[in-house]
């Protein structure tokens, strides 16, 4: 995978390496991007975005994960791996480019999705805060089990152009949040009424329910994966 030269001026994709990730100098590390072809969220998504978001292609930005893999014990051929994640989730790309829902991690996540799927972004009406990395030059390895040979071929771009996502209207966000167990059929911010859904603790307000949910479900990195986002990211 290569980043086209013309895309290097359209924003950088920087990887955050945790301080506790300490490998001996000279260790050969293999970066691997795992992507769900159907666009469903990756269980270890690099973006760490909440389950519900204000854009229709929100899950596409969450559909890939970034893994580092290395040989921990060459003598025994043992491998280790770690998934990396964004360091800041719901921060804007910059103060100058901020608007509701303009999260930097989402912008990078959907740009990498388009890059790997070889989808060109239509520049007409494109918000200034979106990234555009161009399209990747991909190669596919095909294994023939009968002859035990591997053939490397180029993946020809589909020459497909996509527009940037539209924001979800309030009623779509209400349905998404209600499906997550929130009581949203009243003005936003009024979270002191019990939901009609069966929740644990029973009859809890939204704040207590979300606190309990976050404490029960955590990722391998110890970060809650069930955060709920305000419809417009205010």
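The values are calculated or read from the model by the stated rules, or taken from the named source; none is laboratory data. This structure is a prediction, so every number in the text was calculated from the model and none was measured. Ideal geometry is used to build each Cβ from the backbone, glycine not excepted, and the neighbour counts take in all protein chains shown.
Can you find a residue in segment 161-168 that is touching a helix residue (DSSP H, G or I) at 6+ places or on another chain (Cβ under 6 Å) and in contact (Cβ under 8 Å) with a residue 60 or more places away in the chain? No, segment 161-168 contains no residue that is touching a helix residue (DSSP H, G or I) at 6+ places or on another chain (Cβ under 6 Å) and in contact (Cβ under 8 Å) with a residue 60 or more places away in the chain. Within segment 91-119, which residues are surrounded by 18 or more Cβ atoms within 10 Å (Cβ to Cβ), within 27 Å of residue 20 (Cβ to Cβ) and either in contact with a strand residue (DSSP E or B) (Cβ under 8 Å, 6 or more places away or on another chain) or not assigned by TED's automatic domain parsing to the domain that holds residue 139 (or both)? 103, 104, 106, 109, 112 - these are the residues of segment 91-119 that are surrounded by 18 or more Cβ atoms within 10 Å (Cβ to Cβ), within 27 Å of residue 20 (Cβ to Cβ) and either in contact with a strand residue (DSSP E or B) (Cβ under 8 Å, 6 or more places away or on another chain) or not assigned by TED's automatic domain parsing to the domain that holds residue 139 (or both). The set of residues in segment 34-49 that are out of contact with any strand residue (DSSP E or B) (no Cβ under 6 Å at 6 or more places or on another chain) and either surrounded by fewer than 21 Cβ atoms within 10 Å (Cβ to Cβ) or farther than 18 Å from residue 87 by Cα (or both) comprises 36, 37, 38, 39, 40, 41, 43. The set of residues in segment 117-160 that are in a loop (DSSP other than H, G, I, E, B) and touching a residue at least 60 places away in the same chain (Cβ under 8 Å) comprises 131, 132, 133, 134, 135, 136, 137. In segment 130-142, what residues are farther than 19 Å from residue 158 by Cβ and out of contact with any helix residue (DSSP H, G or I) (no Cβ under 6 Å at 6 or more places or on another chain)? Listed by number, the list holds a single entry, 141.
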